[in-house]
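S.K.: Have a look at this one before I ask anything.
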Amino acid sequence: MRLDALPHGSVSLDPRTLPGPVWIVSPHPDDEALGCAALIVALTDLGREVHALLVTDGGFSHPNSPSFPRARLAQTRLSEWRAGLAALGVPETRTHALGLPDGALDRVDPADLGREVNRIFAAAPPATLLLPWRRDPHPDHRAAWGPVWGAAPPTARRLEYAVWLPERGDADAWPTPQEARVWSLAVAAARSRKAQAIAAHATQLGGISDDPHGFTLASEMVERALTGPELYFEAFVQAVPAAQEASA
Ligand SMILES: [Zn+2]
């Protein structure tokens, strides 16, 4: 499905309506750069307190690279993530990383994950939470959704951002008109800073050349992210998932 064929149209998002503290949750380093950089720029420019939480270590993108064994790759990706966020106005002191296994989040006990996220959120309980869309087509994004959603205060405003949905999502992955409001945010005003944030992720842009099966962000994906708009889905039902409620 293409952006210009959205199932039920979208409304322009006004970042001033989003209260702080704002938390951006990224299952992988680069999700926020691709999916919500323009919104982060708008929020930090407004002076909002913005925190970022990285769930996995990002260490599975190049599993066969001799020069980047997993520990080195994970450390490098953490630095890239922080550099990208700094370009968007989020200081390192407001970055938090759980270091869970990239590519295997669905094997982490959701209750344990929820408790960890809840512990981190306690530093500045989110009034606004940005997390990947519940059916964004990556298993780690889907596995993160319930525990992260359930870890925020019930009163937090929750916006779910699209990362892989336009590229890889089938029709069922998109929200239905009954399920969520669709917000869009133009990228143009923040394009150069968003480009800086994406460029910080050098390991994902061909910077590691000794793993023929390693992951590289397609230039079309980067171009789409820089063209925009960014998409945010706000579910009409903001209830906490039952499984998470039980574990909280
Ligand atoms: Zn991701």
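FYI, it's all coordinate maths here, none of it is from the lab. It should be emphasised that the depicted structure is a prediction, and the values quoted were computed from it without experimental measurement. Positions of Cβ are generated from backbone atoms using ideal geometry, with glycine treated the same way; all protein chains shown enter the neighbour counts.
S.K.: Using helices alone, I'd like the mean residue ellipticity at 222 nm for the chain: each DSSP H run of four-plus residues gives -39500 (n - 2.57), total over residue count, nearest 500. Write out the running numbers ahead of the final one.
M.R.: Working: 8 runs with 86 residues, N = 248.
Value at 222 nm, helices only: -10500 deg cm²/dmol.
S.K.: Output ³J(HN,Hα) for the stretch 101-114: one whole-Hz value per residue in order, computed from phi by the Karplus curve 6.51 cos²θ - 1.76 cosθ + 1.60 with θ = phi - 60°, and x for Gly and Pro.
M.R.: Once rounded to whole Hz, the list reads x, 4, x, 9, 5, 6, 9, 8, 4, x, 5, 5, 4, x.
S.K.: Contour minus end-to-end for residue 170 and residue 14, with contour as 0.36 nm per residue of separation and end-to-end as the Cα-Cα distance?
M.R.: Values: separation 156, 0.36 × 156 = 56.16 nm, distance 2.83 nm.
Here the answer is 53.3 nm.
S.K.: At 0.36 nm per residue, minus the direct Cα-Cα distance, what do residue 64 and residue 213 gain on full extension? Give it in nm, one decimal, please. Mind showing how you got there, number by number?
M.R.: Working: separation 149, 0.36 × 149 = 53.64 nm, distance 0.75 nm.
So the extension gain works out to 52.9 nm.
S.K.: Taking the number of other C-beta atoms within 10 Å as the exposure measure, put 145, 81, 23, 164 in order starting with the fewest. Don't skip to the answer; put the middle values down first.
M.R.: Working: 145 22, 81 25, 23 28, 164 18.
Lowest to highest Cβ neighbour count: 164, 145, 81, 23.
S.K.: May I pose another question? Which of rounded, prolate, oblate describes the stretch 67-214, given a ≥ b ≥ c as roots of the alpha-carbon gyration tensor eigenvalues and a/c under 1.5 marking rounded, otherwise prolate only if a/b is larger than b/c? All intermediate terms of the calculation are to be shown ahead of the outcome.
M.R.: Working: a/c = 1.33, a/b = 1.24, b/c = 1.08.
It comes out rounded by the Cα gyration axes.
S.K.: Give me the Å³ per residue figure for the convex hull around the C-alpha atoms of the chain. Present the calculation step by step, with values, prior to reporting the outcome.
M.R.: Numbers: hull volume 28.6 nm³, N = 248.
In the chain, the Cα hull volume divided by residue count equals 115 Å³.
S.K.: Pick out which of 71, 180, 144 has the largest mean-square fluctuation in a Gaussian network model of the chain, springs linking Cα atoms closer than 10 Å.
M.R.: For the chain, modelled as a Gaussian network with Cα springs under 10 Å, the answer is 71.
S.K.: Here's another thing I want to ask about it. Kindly rank 167-175, 119-127 from highest to lowest mean number of other beta carbons found within 10 Å of each residue. Don't skip to the answer; put the middle values down first.
M.R.: Working: 167-175: 14.2, 119-127: 16.0.
Listed from highest to lowest mean packing, they are 119-127, 167-175.
S.K.: Just to be sure I understand: with springs between alpha-carbon atoms less than 10 Å apart, which residue in 55, 187, 222 has the highest mean-square fluctuation in the Gaussian network model of the chain?
M.R.: 222
S.K.: Mind telling me which of 103, 150, 47 comes out most flexible in a GNM of the chain, alpha-carbon contacts under 10 Å?
M.R.: Highest fluctuation among the options: 47.
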